[in-house]
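Colleague: Encoded as structure tokens, here's the structure I'll be asking about.
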Amino acid sequence: MRFVDEFRDPEIINRTADEIRRLVDPKRHYRLMEVCGGHTHAIYRFGLKDVLPSNIELIHGPGCPVCVLPMGRIDDGLAVAQSEEVVFAAFGDMMRVPGTQGSPLEHKARGVDVRIVYSPSDALKLARTCPDKHIMFFAIGFETTAPSTALTLMRARAEGIRNFSVFCNHVTIIPAIRAILDSPDMRLDAFIGPGHVSTVIGCRPYEWIAVSERKPIVVSGFEPLDILQSIVMILHQLRAGEARVENQYKRVVPWEGNRAALRAMAEVFQLRPYFEWRGLGFISQSALRIRGEYAQWDTEQRFHVPGVRVTDPRAAQCGEVLKGVLKPAQCKLFGRECTPEHPIGALMVSTEGSCAAYHSYEHRKNQLTSIQTAA
């Protein structure tokens, strides 16, 4: 239980919350963006907004990889899977993400061979045991999951497994942050930096945010105390008029990142010239593609991929929520047509999506409060 109990200790949490209240300027409004979807989930799950001063506003960033994936890429992967020989293999949180013709789970109900795997190596194992099928792994995620995909491709090449390929949808976090800072309708004071991504890329890639944009950024863990401590560190910087990169998550994140993981990624992947993000549009050099040396294991080089471009349903305001312009409950469909049981947008599918997290914790808490008040 080490690194769990101490980071959920009520006494320490209360002391840290008191320190935050001492540090804030009551005449100032603070807008802090937590980049990572895991932080968004933790903030709602642990009710951290309830212990923060009202003039600290937490803005939810684009750190949920399922949420930023445009519908067209889902349609592309499912189009390849229409072939009887192809198995669509993906993580469980992809299964209910809607494309224009339905989610992977709905396609499975129509007879498409769709299977849940827990890692890319599970998909490769499936290729070994099903030589009469072609296993297409729908790879998704930031730099956090890209190394495991890279290592799996290296293994497939070394073993000469030909009935396996990867449909690569890995994206990179830095260009997304840059796009948010370039957005004219977004004003931010600081960033709570992503913990999972930083275990791979380290802290150095964020230095431009502090140097060029003059915004503090603190890489944070995911326990309640982690997030509160990160806010304390941000407030100290803002109070002193400083802008630096700090690492609160030192027990996990090395400053220079995981060099072995970075080497594996460099061998297998290269940057795409541009890639479409839901809500953010096309961002240059913001995603990874598979190098030519691994073309035999690249779905996009082995199969015809339609290259579908689709806009979100007009009524859904996923883009505005994703960029932090709107809160989840301000979307016209939230909690009505769009729920975790019947999601219209990807932000309601993944547990790290801001809409799903808000619905699971804050929305239900508000509903319970209303019922108790009425009673």
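Colleague: For the list (1) open to solvent by less than 30 Å² (accessible area, probe 1.4 Å); (2) farther than 24 Å from L271 by Cα, I need the number of the one condition that I177 fails.
Modeller: With respect to (1) open to solvent by less than 30 Å² (accessible area, probe 1.4 Å); (2) farther than 24 Å from L271 by Cα, I177 is out only on (2).
Colleague: Can I ask one more? Look at R278 and say whether it is within 21 Å of P175 (Cα to Cα), open to solvent by 60 Å² or more (accessible area, probe 1.4 Å) and either in contact (Cβ under 8 Å) with a residue 60 or more places away in the chain or out of contact with any Lys or Arg (no Cβ under 7 Å at 6 or more places or on another chain) (or both).
Modeller: So R278 does not fit the description; no.
Colleague: Based on what the data block shows, is P254 surrounded by 20 or more Cβ atoms within 10 Å (Cβ to Cβ) and at pLDDT 95 or above?
Modeller: no
Colleague: Please specify each residue of region 211-251 satisfying the condition of being open to solvent by less than 10 Å² (accessible area, probe 1.4 Å) and under 23 Å from R187 (Cα atoms).
Modeller: Selection gives P216, I217, V218, V219, S220, I227, L228, S230, I231, I234, L235, Q237.
Colleague: Would you please list the contacts, defined by Cβ atoms under 7 Å and residues six or more apart or on different chains, that run from a residue in region 341-362 that is at pLDDT 80 or above to a residue that is open to solvent by less than 10 Å² (accessible area, probe 1.4 Å) and in a loop (DSSP other than H, G, I, E, B)?
Modeller: Going by the 7 Å Cβ cut-off, the qualifying pairs are L347/G353; G353/C64; C355/G345; A356/S350.
Colleague: Can you list the strands (runs of 3 or more DSSP E) found entirely within region 163-269 that contain at least 2 residues being closer than 30 Å to F282 by Cβ and touching a helix residue (DSSP H, G or I) at 6+ places or on another chain (Cβ under 6 Å)?
Modeller: 164-170, 190-193, 217-219
Colleague: Looking at I56, is it farther than 30 Å from L181 by Cα, in contact (Cβ under 8 Å) with a residue 60 or more places away in the chain and over 16 Å from the mean Cα position of the chain (by Cα)?
Modeller: no
Colleague: If you scan region 159-174, which residues turn out to be open to solvent by 10 Å² or more (accessible area, probe 1.4 Å) and closer than 24 Å to E85 by Cβ?
Modeller: E159, G160, I161, R162, N163
Colleague: Please verify whether region 313-336 includes one or more residues that are open to solvent by less than 20 Å² (accessible area, probe 1.4 Å) and modelled with pLDDT of 95 or more.
Modeller: No: region 313-336 contains no residue that is open to solvent by less than 20 Å² (accessible area, probe 1.4 Å) and modelled with pLDDT of 95 or more.
Colleague: Please enumerate the residues belonging to region 228-277 that are among the polar types (S, T, N, Q) and farther than 30 Å from D76 by Cα.
Modeller: Correct list: Q229, S230, Q237, N247, Q248, N258.
Colleague: For region 180-210, what are the residues that are surrounded by fewer than 22 Cβ atoms within 10 Å (Cβ to Cβ), at pLDDT 95 or above and farther than 30 Å from F88 by Cα?
Modeller: D189, G202, C203, R204, P205, E207, W208, A210
Colleague: Just name the residue that is surrounded by the fewest Cβ atoms within 10 Å (Cβ to Cβ) out of those in region 286-312 that are β-branched (V, I, T) and at pLDDT 85 or above.
Modeller: Residue satisfying both the conditions and the ranking: V305.
The values are calculated or read from the model by the stated rules, or taken from the named source; none is laboratory data. The structure presented is a predicted model; accordingly, all values stated were derived computationally and were not measured. Glycine gets a Cβ as well: all are built from the backbone with ideal geometry, and neighbour counts include every protein chain shown. SASA here: full protein model, heavy atoms, side chains in, ligands and nucleic acids out. Shrake-Rupley method; radii C 1.70, N 1.55, O 1.52, S 1.80 Å.
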